[in-house]
Amino acid sequence: GDEQLTTVQQYVTKQISNTNNFDDRALVEEPIVQPVMEENNQPYSMRSNKKKGKNLYKPQFNVDEYKQTVNENIPAGTSILVVHAEDNDFDENGLIRYRVSDTEHFRIDEGGVLYNTKPLDFEHTAGEYRFHIYAEDQGVDRKSSRVPVDIRVLDTPDPPHFDSTNYKFTVSEFAHEGDYVGTVVARDADKDFEDGYSLVDLSQNNLFEIDITTGIITRGSGVRRDWLYNFKAKATDKNGNSNEAEIEVKFIDENTNKPVFSECYAYDEVKVLENKINTDVIQVTAIDDDHGDNGVVVYELLNGFDSFIINSTSGQITTSRSLNREERSEYFLTVIGKDEAKDPLQGACSFSVLVEDENDNSPVFDKDFYEQSVPYNKEVKSHVLRVTASDDDADNNGKLTYSLKESDTFSINALTGYITLERQLTSNMADVEEFDLTVNAIDDGRPQLSASVNVIIRVVSTGVMPPTVLSLKPDSPSVKEDAKVDTQVAIICAK
């Protein structure tokens, strides 16, 4: 038959190595793909005695699993290993491209060279990364295969690291030995850092001390000779690895008094009415015994809960939105008072704000209507049933009183909601007579809010009555939120 022309691509592989044996460990092969050219600079074609066929084969790796060991601190972009797969098909059917399953930490190029995309970690991975590399041909009906990869990471001792590279602290010029200056914090992923804080490069001995365990810096016994001191905090782990952070301590001249909220205790449990906006809550006051700008206090709220604002000059706190006691009945505010010195001092005052209830909720019965059957021979003054309503308001606004409209046969207890038989029923009422009552519940707020519900009581013959609740003690059961299982809540008597 006729022979078909097939483009030939020549793959030239060069091997790259360094004296450190693959980034101190491995060799890398980079494929260089170039078409073989004729003299006229056109792709060379040769006749093939095989026809362009279907995609019959899938790529095959030359090993069952790739393994490599690297150090924890290799930089991103380090070549780790080279994979190789072959495909016995022609043209696109035999052209292989690689990809990795863990794209967060690794990438692979067209030559099968695997790189890390970020520094590898030992402490949080147990020193191992396992994933797959896929080889896929480029035929119309693509075929692929995969091979597992196991990258072992050798632990490299990590020095402690500070949460800041530069700490700045201020302290009063009159600070005494042992007075607090500031705190430095260092952590070590290797978890071998303990009792390792120290101070270095101090121009004056004993001017500052640091707690070797907590990193708290305090005023030492040395005499201050300057206003600004720069030195370093050092953190050393048990293996001798260390790190340092810059520290600047500035002594405050003249502004030696911070704002003081002397009446802070009196602000606690201040009350504000719900459903009002731009309502004055309280005016706080802090006193600074310094002079000039050092004695001028500016106020701010540490957290206003999107509900409170403060006048920075007067200290007046007001509501910024309408509060709802049923959603939240108490807020804990912290006011910061700062003086206007160049290096300001500050004081704080924390107190609670109670949201006072407004009678904005009507009573709600626990049922849309009530039904009850009673025998015609039921004793007078005995309970028939109980209706119950609730009110989300507090105190008197949620205190309910029950009443019964126009009935001389039944009465209702105004506090408990028990309906009582007041007049003897007769046998000729059995299975015939029913009483349609209306019960009203009204709260004790101002203005008073109320609700009503229908109660149907049917007279029946003796012996056809379902059980009836006769009493509930206490009348309004309650239970603490931390009550233990099997705590008695109420006693119900039924007949």
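The values are calculated or read from the model by the stated rules, or taken from the named source; none is laboratory data. Note that the structure is a prediction, hence the values are computed from the model and not measured. Note that we place each Cβ from the backbone using ideal geometry, even for glycine, and neighbour counts take in every protein chain shown. Please note that ligands, DNA and RNA were not included when accessible areas were found on the heavy atoms of the full protein model with its side chains. Shrake-Rupley method; radii C 1.70, N 1.55, O 1.52, S 1.80 Å.
Annotation note: of Lys67, Lys58, the sole residue that is over 17 Å from Asp109 (Cβ atoms), open to solvent by 60 Å² or more (accessible area, probe 1.4 Å) and not in a loop (DSSP other than H, G, I, E, B) is Lys67. Checking each residue in the range 126-163 for being closer than 22 Å to Asp237 by Cα, touching a residue at least 24 places away in the same chain (Cβ under 8 Å) and open to solvent by 20 Å² or more (accessible area, probe 1.4 Å) picks out Leu154, Asp155, Thr156, Pro157, Asp158, Pro159, His161, Phe162, Asp163.
Among residues of the range 458-481 being within 18 Å of Tyr418 (Cα to Cα) and among the charged types (D, E, K, R), the one that is modelled with the highest pLDDT is Arg458.
When Tyr370, Tyr376 are checked against the criterion of being open to solvent by less than 30 Å² (accessible area, probe 1.4 Å) and either within 46 Å of the chain's Cα centre (by Cα) or touching a residue at least 12 places away in the same chain (Cβ under 8 Å) (or both), Tyr370 stands alone in meeting it. Scanning the range 435-460 for residues that are open to solvent by 40 Å² or more (accessible area, probe 1.4 Å) and more than 18 Å from Thr409 (Cβ to Cβ) returns Ile442, Asp444, Arg446, Pro447, Gln448, Leu449, Ser450, Ser452. Remark: pairs (first residue in the range 299-321, within 17 Å of Cys264 (Cα to Cα) and modelled with pLDDT of 95 or more; second residue assigned to a loop (DSSP other than H, G, I, E, B) and open to solvent by less than 80 Å² (accessible area, probe 1.4 Å); Cβ separation under 6 Å; 6+ apart in sequence or on different chains) = Tyr299/Ser312; Tyr299/Gly315; Gly315/Val284; Gly315/Thr285. Check the range 167-177 and report whether any residue there is within 25 Å of Pro119 (Cα to Cα), of a type outside the set (A, V, I, L, M) and in contact (Cβ under 8 Å) with a residue 60 or more places away in the chain. No, the range 167-177 contains no residue that is within 25 Å of Pro119 (Cα to Cα), of a type outside the set (A, V, I, L, M) and in contact (Cβ under 8 Å) with a residue 60 or more places away in the chain. Beta carbons closer than 6 Å, at least 6 apart along the sequence or on distinct chains, pair a first residue in the range 415-428 that is touching a residue at least 24 places away in the same chain (Cβ under 8 Å) and under 18 Å from Pro474 (Cβ atoms) with a second that is charged (D, E, K, R) and open to solvent by less than 80 Å² (accessible area, probe 1.4 Å) for Thr416/Asp475; Gly417/Arg386; Tyr418/Arg386. Residues in the range 347-363 that are open to solvent by 60 Å² or more (accessible area, probe 1.4 Å) and either modelled with pLDDT of 95 or more or touching a Phe, Trp or Tyr at 6+ places or on another chain (Cβ under 6 Å) (or both): Ala348, Ser350.
Would you mind stating whether Asp237 is within 20 Å of Pro344 (Cβ to Cβ), of a type in the set (Asp, Glu) and at pLDDT below 95? Give the derivation first.
Working: within 20 Å of Pro344 (Cβ to Cβ): no; of a type in the set (Asp, Glu): yes; at pLDDT below 95: yes.
Answer is no for this residue.
Taking the range 170-202, which residues are part of a loop (DSSP other than H, G, I, E, B), under 21 Å from Ala235 (Cβ atoms) and of a type outside the set (A, V, I, L, M, F, W, C)? Once the filter is applied, which keeps residues that are part of a loop (DSSP other than H, G, I, E, B), under 21 Å from Ala235 (Cβ atoms) and of a type outside the set (A, V, I, L, M, F, W, C), the range 170-202 yields Asp188, Asp190, Lys191, Asp192, Glu194, Asp195, Gly196, Asp201.
Does Phe131 meet the test of being within 25 Å of Trp227 (Cα to Cα), in contact with a strand residue (DSSP E or B) (Cβ under 7 Å, 6 or more places away or on another chain) and part of a strand (DSSP E or B)? Please lay out each step first, then the result.
Values: within 25 Å of Trp227 (Cα to Cα): no; in contact with a strand residue (DSSP E or B) (Cβ under 7 Å, 6 or more places away or on another chain): yes; part of a strand (DSSP E or B): yes.
So Phe131 fails the test.
The residue pairs whose first member lies in the range 109-122 and is closer than 17 Å to Asp158 by Cα, whose second member is in a strand (DSSP E or B) and among the hydroxyl-bearing types (Ser, Thr, Tyr), and whose beta carbons are closer than 9 Å, counting only pairs six or more residues apart or on different chains, are Leu120/Tyr129.
For the range 173-207, a residue qualifies if it is among the hydroxyl-bearing types (Ser, Thr, Tyr) and open to solvent by less than 50 Å² (accessible area, probe 1.4 Å), and the qualifying residues are Thr183, Tyr197, Ser198. Condition first: on the phi > 0 side of the Ramachandran plot and not β-branched (Val, Ile, Thr). Can you find one or more residues in the range 97-111 that meet it? For the range 97-111, residues on the phi > 0 side of the Ramachandran plot and not β-branched (Val, Ile, Thr): absent.
Which condition from (1) of a type outside the set (Gly, Ala, Ser); (2) more than 30 Å from Val83 (Cβ to Cβ); (3) touching a Ser or Thr at 6+ places or on another chain (Cβ under 6 Å); (4) not in a loop (DSSP other than H, G, I, E, B) is the one that Glu136 breaks? For Glu136, the exception is condition (2).
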